[in-house]
1. Between B:Glu184 and A:Glu297, what is the spin-label point distance in nm, taking each point 7 Å from the Cα along the Cα→C-beta axis?
2. Mean Kyte-Doolittle of at least -0.5 plus a Cα span of 30 Å or more along the axis: flag which DSSP H helices in chain B meet both, please.
3. Could you give the size of the charge dipole of segment A:172-301 about its Cα centre, using +1 on the Cβ of each K and R and -1 on the Cβ of each D and E, expressed in debye and rounded to the nearest 20?
4. Could you sort out which of A:Lys248/A:Lys304; A:Lys60/A:Lys137; A:Lys155/B:Lys258 sit more than 23 Å apart by Cα distance in this structure?
5. What distance in nm separates the two pseudo spin-label positions at B:Leu93 and B:Val278, each 7 Å out from Cα along the beta-carbon direction?
6. Taking neighbour counts of Cβ atoms within 10 Å as a proxy for exposure, in what order, fewest first, do B:Thr175, A:Thr273 appear?
7. Can you sort A:Glu187, A:Glu331, A:Glu225 by how many other beta carbons sit within 10 Å, fewest first?
8. Charges on Cβ only, +1 for Lys and Arg, -1 for Asp and Glu, centred on the Cα centroid of the protein assembly as shown; of A:Ala173, B:Val110, A:Ala58, which one is farthest towards the dipole's positive end?
Amino acid sequence: MSITRRRVLQAAAGAIALGLTATLSGCVGGAAQPASGSGTTTLHLVGFAVPKEANNAAQKKFAETPEGKGVVWEESYGASGDQSRAVANGLKADYVNFSLEGDVSRLVKAGLVDASWQDGPTKGIVTDSVVVIVVPKGNPEGIKGWDDLVKPGVKIITPNPASSGSARWNILAAYQQVIANGGTEAEAKAYLTKFFNNVVALPGSGRDATNAFLQGSGNVLISYENEAILARQSGEDFDYIVPDATLKIENPAAVLKDANPKATDYLNFVLSTAGQEEFVAKGFRPVAAGTPVGTVEGANDPAKPFPVPSELFTIGDLGGWDAVNAKFFDETSGIVPQIQKATGKSQ
Amino acid sequence: MTASAVAPLVERPDATPSPNPRGRWRRRRTTSLTPVAGLGLGITMLWFSLLVLIPLIAIVVQASSGGWQAYWDALTSPQTAAALRLTVSQALLVTLVNIVMGTAIAWVLVRDRFWGKQFLEVVIDIPFALPTIVAGLVLLSLYGPSSPLGVDWANTRVAVFLAFLFVTLPFVVRTVQPVLLELEPEVEEAAASLGASRYITFRSILLPALAPAITSGAALSFARGISEYGSLVLLSGNLPYSTEVASVRILSYVEGDKLTEAAAVASILLVVALVVIVVLDIISRRVARHV
């Protein structure tokens, strides 16, 4: 019996060890096959999950161009930060498409992406979107904008800004809209405190937040316009509001240093009018000026899918990601952890 | 059990026959290995090292690369401390419930015959087999805002407790069941015929025999609890200071490129788990000796 017990105890120790190490080691997926077929080139795309369908549509169109002929894709999609860490740790990639600039910067630091990746006309950005407020069908709470979110009875769901980098767009939008409307930093902080008092859940990622919202937790979801449009395209039934003052979301893409030259061709295609149209169809705002915006299914008004907010600010207006991360999200001195401490303890 | 406990204490001359030949046989086996047994031990150690020891050492090395500062920062971060407190206290609570309920379920499954028993046998393992994110979805629809039970425990500490309870249910049941199967009901009948009350029979006959299995299951259940993440993703809301668990803190540190702090929190969980396993082992020995 003591042998059985020892064996079970060893299994217990093993289970803990595996559980903990699994948490630490980033998910590395996507078996990389060497390109060897005659006339075909294999390109490895590593990206965040949201633009998968848009990328796939763009790849189809790219294959019809002379540069894109014979390109075969090996793709890996997941959470932006996890994917970036996976590439930094050796996952094969030619073309990366992330949610945040910092996830590309990590690869620059690792020596995998050239420091000049932001020198292009769009500064390395391939898609835009804006932070929006999602409400249940019919908008029972009568939410019109940011001010309504801090009223009693509003239950906000927004992804966790600590564990999901992309969730930071939402918090920054809530903060900066106060300043864009002429408020002071103190007023913006006070607004964000009231905002967090109404937060009922901080799910791990944008998609988890959408799922929790659809299951009925909360009555307001802070999300991204493209995410809202894509969900409505796939049949989800909810309304969304583009606030008068909101933050422009900018998603970067880059080609790795030792990538196949075809990867650069793909990046150029994505930035061309033909490429941008594919992303627009899935709900992203175009980065290339002059991209014709046709009808976008799933948008509030499919004929005029992208209303221009009266106040549209960018991360650049807030001083860039490095400054923003230090000011807002630093573990000890950041505005957001401090607000969470104040509101978390009062609950 | 008694023989093996006494054997190392009392050195018997070889001429005196040991009261329990099995005890002596076991002692011989552990000191001199046959070539085959040696190979087996070698493979075991290699396998164990590759899968468990080396990754564990890697965590400790990663955590110590930041010096004591990283541990100190992790421990003094009130948010991390709150997450650790919640995780450990809920896991302990769940383990206590599992010790009672798991043993009871194992008892019913082994000793009682009833309609649907086979079905229950299979269903018990579902929390093992189900991907935890699916478990989270199931729990959310059961205890969330659209609950058929009329409760809304989503995004509260109750949700953390229920999620832990769900994923750790099979451990005690599955460790106690085989031991209970081996126990002859005749022994209990004999105890009863000698005048022992049901309580005395349970205390002196059943509990000492079951204790090692119960504590093994409890250790597994605790370990599984403190490392749980998937089922909480949709259910707990990850609210700092309220429903955020340690694994979410680790994930947050990883997302912030703070691997040292992440490893520090992980190694703290590791120490907690080891302490709990050792304490459970000591309790189990005490109870088992209480014949």
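1. According to this spin-label approximation, the distance is 7.3 nm.
2. B:78-111, B:157-182, B:259-289
3. Values: 9 positive and 16 negative charges, 66 e Å.
With only Lys, Arg, Asp and Glu charged at Cβ, the dipole is about 320 debye.
4. Result: A:Lys60/A:Lys137; A:Lys155/B:Lys258 exceed 23 Å.
5. Each label point is offset 7 Å from its Cα along the Cβ direction, giving 2.7 nm.
6. Least crowded to most crowded, the residues run A:Thr273, B:Thr175.
7. Details: A:Glu187 13, A:Glu331 17, A:Glu225 25.
Ranked by crowding around the Cβ, least crowded first: A:Glu187, A:Glu331, A:Glu225.
8. B:Val110
None of the figures in this text is laboratory data; all of them are computed from the coordinates on show. Since this is a predicted model, take the numbers as computed values, not measurements. Ideal geometry is used to build each Cβ from the backbone, glycine not excepted, and the neighbour counts take in all protein chains shown.
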